[in-house]
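The values are calculated or read from the model by the stated rules, or taken from the named source; none is laboratory data. Quick caveat, the model's predicted, so the values are computed rather than measured. Cβ: placed from backbone, ideal geometry, glycine included. Neighbour counts: every protein chain shown.
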Amino acid sequence: MAVNDLSFAVGAGEIVGLIGPNGAGKSTSFNLITGVLPPTAGAATLAGQEITGWPARRIARLGIARTFQHVKLVAGMSAVENVALGRHLLARAGAVRGALRLDRAEERLVFADARRQLARVGLSALADTPAGELALGQQRLVEIARALALDPVLLLLDEPAAGLRHAEKEALADLLRGLREDGVAILLVEHDMDFVMGLTDRLVVMNFGSELAQGRPSEIQANPLVLEAYLGSAA
């Protein structure tokens, strides 16, 4: 059983870290929340509305955006085109409008916003570069920009700092703090403990698919069960 007996909440304007050893069930939890996988039991809610078992597209329309542990970009498309894909669920133009070329104004707005999101993650200069030619860290930032294009109320980030250099990590942390100040709820999976401990408000620790502990970063760092199962082994 990949995930069992796990329960937590993420509030508006809060950054919660979901941490644990490899194989603990963190990415599977993301897939259950976002509709990529159907749960066999349990419930997920957003602002009191149950979304359990909804299709991923319907969940995304509510304002739940995510990135993936393994980057999922269209390699042959430019960075800005990949980011623009994240906005398409909010667009009104459809196939008929496209065929009649009635969507040009909306297209310009979508791409203008895509460039704005790339600027937020520090990649303005690479907007027109094919995604497949970017370094892994840059691809992760493009994926974050694509998630931001959905204008999310809940942002799920799966190992966003992996492959980033120190300065890029600091810039990413500043971006996430700014989103928190804007009221965005952020759920973060990350193995860089320095990054996690300096950024999150609370932590949820998983082990073997279940919850091991919850608490503030300082409490988790001092928890003997967590030290034995995860933090201690990584030290």
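Quick notes on this structure:
- Scanning segment 124-133 for residues that are over 16 Å from residue 171 (Cβ atoms) and not small (Gly, Ala, Ser) yields 128, 129, 130, 133.
- Exactly one residue among 199, 164 is surrounded by 18 or more Cβ atoms within 10 Å (Cβ to Cβ), at pLDDT below 95 and either farther than 26 Å from residue 1 by Cα or aromatic (Phe, Trp, Tyr) (or both), and that residue is 164.
- Condition met for residue 231 (on the phi < 0 side of the Ramachandran plot, modelled with pLDDT under 90 and either within 16 Å of the chain's Cα centre (by Cα) or of a type outside the set (Gly, Ala, Ser) (or both)): yes
- Number of positions in segment 44-63 that are farther than 13 Å from residue 30 by Cα, touching a helix residue (DSSP H, G or I) at 6+ places or on another chain (Cβ under 9 Å), not charged (D, E, K, R) and not in a strand (DSSP E or B): 1
- From the list 9, 84, 41, 79, the one residue that fits, being over 24 Å from residue 202 (Cβ atoms) and without any contact (Cβ under 8 Å) to a residue 40 or more places away in the chain, is 41.
- Selection count where residues are of a type in the set (A, V, I, L, M), over 22 Å from residue 218 (Cβ atoms) and outside any helix (DSSP H, G or I), scope segment 158-207: 3
- Whenever a residue of segment 216-232 is more than 11 Å from residue 196 (Cβ to Cβ), its partners that are surrounded by fewer than 13 Cβ atoms within 10 Å (Cβ to Cβ) and at pLDDT 90 or above, lying with C-beta atoms within less than 9 angstrom and at least six residues away or across chains, give the pairs 232/224.
- Selection count, segment 62-86, where residues are under 15 Å from the mean Cα position of the chain (by Cα) and more than 13 Å from residue 132 (Cα to Cα): 11
- You will find that of 141, 155, 102, 109, the residue that is buried (at least 23 other Cβ atoms within 10 Å of the Cβ) and either at pLDDT below 90 or not in a helix (DSSP H, G or I) (or both) is 155 and no other.
- Looking only at segment 74-93, and only at residues there that are under 30 Å from residue 45 (Cβ atoms) and not in a helix (DSSP H, G or I), the one that is modelled with the highest pLDDT: 86
- Matching residues, segment 10-33, being modelled with pLDDT of 95 or more and part of a loop (DSSP other than H, G, I, E, B): 10, 11, 12, 13, 14
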